[in-house]
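Nothing in this text is a laboratory measurement; each read-out follows from the coordinates by a stated rule. Quick caveat: nothing in here was measured; it's all calculated off a predicted structure. Cβ coordinates were reconstructed from backbone atoms using ideal geometry, including for glycine residues, and neighbour counts include every protein chain displayed.
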Amino acid sequence: MRIAETLARKNGCAALVTGESIGQVASQTMQAMYCTDAAANMPIFRPLIAMDKVDVIAVAREIGTFDTSTLPYEDCCTVFTPKHPKTRPSLEEVIEEESKYDYERLESEAVEGTEVITCG
């Protein structure tokens with residue numbers, strides 16, 4: 001979220017919009033989203049929040065993102081997902097674990113390495 005917020009601010013955006021749908025995966029539980037939200041200082045909108053997987057797929061097809069979303073690329077979900085993700089993380093635990101790493105440097109590198117691809 002911090003990387004997304006940095007990029008959003010660089011592009012003049014006032015909010016983040018995600019495709020999260022409550023309970024679809026471990027990172028989309030109420031407690032997990034609470035921890036995720038703590039990383040951002042701008043509003044986060046989740047227009048799909050109450051939709052089930054079938055509804056989300058229908059929206060993706062309607063707006064033309066379904067084919068891209070099913071491409072076989074490694075992304076942070078596949079690379080960093082632990083075998084047994086926590087469905088009820090505590091913000092205190094997250095902050096404690098983050099303090100062990102130089103996230104500022106990693107976030108900066110990620111932002112600097114961003115590539116913009118325009119489709120269509």
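Here are a few things to note about the model shown:
- Under the convention that each Lys and Arg Cβ holds +1 and each Asp and Glu Cβ holds -1, the size of the dipole of the chain around its Cα centre is about 300 debye.
- Size estimate for the chain follows the Kirkwood approach: the inverse of mean 1/r over distinct Cα pairs works out to 16.2 Å.
- Exposed-site-free run, longest, the chain (rule: chymotrypsin sites (Phe, Trp or Tyr not before Pro); DSSP loop; at most 13 other C-beta within 10 Å): 1-72
- Pairs of lysine residues in the chain - Cα separation under 29 Å, sequence separation of 8 or more or cross-chain: 5
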